Amino acid sequence: MRTAVRILLIVVVVGAAFALYRLLFRKEGGAGTVVTKFVVARGRIEQTVQGTGVFESATSASIASKVAGKYTEPLVKEGRQVEADELLMRITNDEIDTTVNLKQTDVDKLKKHLEDISKPVDERSEVKKAKAVLDRAQSDYDKLKRKLDDEEAKGGSSSLSPRELEELRQDVEFAQRDVELAKDAYDDARESVTDADIREAQEKVTEAETELKRLREEADGREVRSPIKGTVLKVLVEPKALAVEPNKEYPKDTALFVVADLTSLFVRGAVYQSDAALLDRDRINNPDVPEADRVKGRVQLSNQGRVLEGSVTYLSLTPTESASGVRQFEVKITFPAPPQGVTDGLQVSFDIVVERLDNVLVVPVKYVELVGPKAFVQKLEGGKPVRTEVRLGVSDNNFYQVLDGLSEGDVIRWETASK
């Protein structure tokens, strides 16, 4: 859309009744002509640029399933206000619990092993076991050795036959070898754990705990909750479909809900490149500009017959270009208070005030005659029209700002052929 100038004539209180009367169209002149008159008055002129856009929420969430499974009926409907972390729906998936329990057992074993090998040498379970084996082997050897010594000390009076005595000697030798093997195993156990072994065990614990956390989050994902406070805009799971196929398994990442904070609505729109050149980008994009001094934007809610006024808080530095070569710049219009009666996704038109001039003289465009760079009006002097040159300022298809050549209260006329 192209630059437009909107004009609001504010007639001063003094002489208001007279001015309003003189502003009325009146027919004069000879047959076949219509003459209208206009009383020059002071008012406000606004030069604007126009565009189209859509309401968006600064805070919104598209919620999808984190796990596969069967769906229960949604607990909320569209339009419902929800709190952050409020439960929206549940998903059934019993296999997740089994997986979580198995991984928890794995983590417990790895942590116990790490705790054990990190203890002082003689407190480690493997060392204790090896020491217990060594102690038993030593005890068995000592018993057999004492018995052999006692029998050999008796000489010929031993109660054992030569064969039994020889078997006892072999048992002692075997027991001694068991002690030596147990001693080697004990020494190996004391020296088997290195710093590298402890680091490796720590890494395994960390990896297992990370996986367990992921699985638990997946299990928690069976409860679908809203991440933000806002309004449910869309429920993408049809209760009727769930009723028809109650045992259907839905995949992970299925879209479920859209929630938006409607108190943070703004308008995202676009203006043409030629219009963007008229806007003060530095003032628009400067967050330190006071609200009262910001560039203003008006959003038309045509279906409601009302207008929302806000501030233009963003103008893009670079344009987007359509396939046909049309360049547009993105703009954002924000509001001092949450807009009422609108929702995310509502398409609107808007205008942005480029310049606002108060207490200026204005005349209708049709009363002005343009001759090259000059402009003329038919000013009434002594009841007769006098062709008068004027200097013009801002204009649109309806009105001009008059910079010179006319004064407040002057009357101008326009003559056209009657129909």
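Quick notes on this structure:
- Residue pairs whose Cβ atoms lie under 8 Å apart, sitting 6 or more positions apart in sequence or on different chains, and linking a residue in region 198-210 that is under 18 Å from T99 (Cβ atoms) and in contact (Cβ under 8 Å) with a residue 60 or more places away in the chain to a partner that is assigned to a helix (DSSP H, G or I) and among the aliphatic types (A, V, I, L, M), are A208/V107; A208/L110; E209/V107.
- Comparison of D116, D85, D94 shows that the only residue that is exposed (fewer than 13 other Cβ atoms within 10 Å of the Cβ) and either more than 28 Å from T254 (Cα to Cα) or modelled with pLDDT of 90 or more (or both) is D85.
- Screening V363, V354, V390 for residues that are modelled with pLDDT of 95 or more and part of a strand (DSSP E or B) leaves exactly one candidate, V390.
- Residue in region 138-148 that is among the hydroxyl-bearing types (S, T, Y), modelled with pLDDT under 90 and not assigned by TED's automatic domain parsing to the domain that holds P74 present: no
- Top-ranked residue in region 37-70 [being touching a Lys or Arg at 6+ places or on another chain (Cβ under 8 Å) and among the hydroxyl-bearing types (S, T, Y); ranked as modelled with the lowest pLDDT]: T48
- Scanning region 48-68 for residues that are buried (at least 22 other Cβ atoms within 10 Å of the Cβ) and farther than 27 Å from D253 by Cβ returns T48, V49, G51, G53, F55.
- Answer residue from region 211-253, given it is under 20 Å from E83 (Cα atoms) and of a type in the set (D, E, K, R) and is nearest to the chain's Cα centre (by Cα) among those: K229
- Scanning region 54-91 for residues that are closer than 19 Å to T343 by Cα, of a type in the set (D, E) and not in a strand (DSSP E or B) gives E78, E83.
Yes/no matrix, rows are residues, columns are (1) in contact (Cβ under 8 Å) with a residue 40 or more places away in the chain; (2) polar (S, T, N, Q); (3) within 15 Å of R268 (Cα to Cα):
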site	(1), (2), (3)
A292	no, no, no
S311	no, yes, yes
S322	no, yes, no
K332	yes, no, yes
F335	yes, no, yes
L346	yes, no, yes
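- Looking only at region 128-154, and only at residues there that are more than 18 Å from D171 (Cβ to Cβ) and among the charged types (D, E, K, R), the one that is surrounded by the most Cβ atoms within 10 Å (Cβ to Cβ): K131
- Those residues of region 155-166 which are among the hydroxyl-bearing types (S, T, Y) and surrounded by 11 or more Cβ atoms within 10 Å (Cβ to Cβ), in sequence order: S158
- Within region 303-334, considering residues that are touching a helix residue (DSSP H, G or I) at 6+ places or on another chain (Cβ under 6 Å) and part of a strand (DSSP E or B), the one surrounded by the fewest Cβ atoms within 10 Å (Cβ to Cβ): R327
- Of the criteria (1) touching a helix residue (DSSP H, G or I) at 6+ places or on another chain (Cβ under 6 Å); (2) within 30 Å of S62 (Cβ to Cβ), which one I412 fails: (2)
- Identity of the residue in region 149-168, charged (D, E, K, R) and modelled with pLDDT under 90, that ends up nearest to S125 (Cα to Cα): D149
- Residues of region 348-386 classified as surrounded by fewer than 15 Cβ atoms within 10 Å (Cβ to Cβ), farther than 18 Å from V34 by Cα and free of Cβ contacts under 8 Å to residues at least 60 places away in the same chain, total: 7
- A single member of E291, E218, E309, E238 is closer than 30 Å to H113 by Cα and not aliphatic (A, V, I, L, M), and it is E218.
- Condition check for T105: at pLDDT 90 or above, in a strand (DSSP E or B) and over 35 Å from the mean Cα position of the chain (by Cα): no
- Annotation note: of V179, V133, the sole residue that is in contact with a Phe, Trp or Tyr (Cβ under 7 Å, 6 or more places away or on another chain), in contact (Cβ under 8 Å) with a residue 12 or more places away in the chain and at negative phi is V179.
The values are calculated or read from the model by the stated rules, or taken from the named source; none is laboratory data. None of the values given here were measured: they were computed from a predicted structure. With ideal geometry, Cβ positions are generated from the backbone for all residues, glycine too; neighbour counts draw on all protein chains shown.
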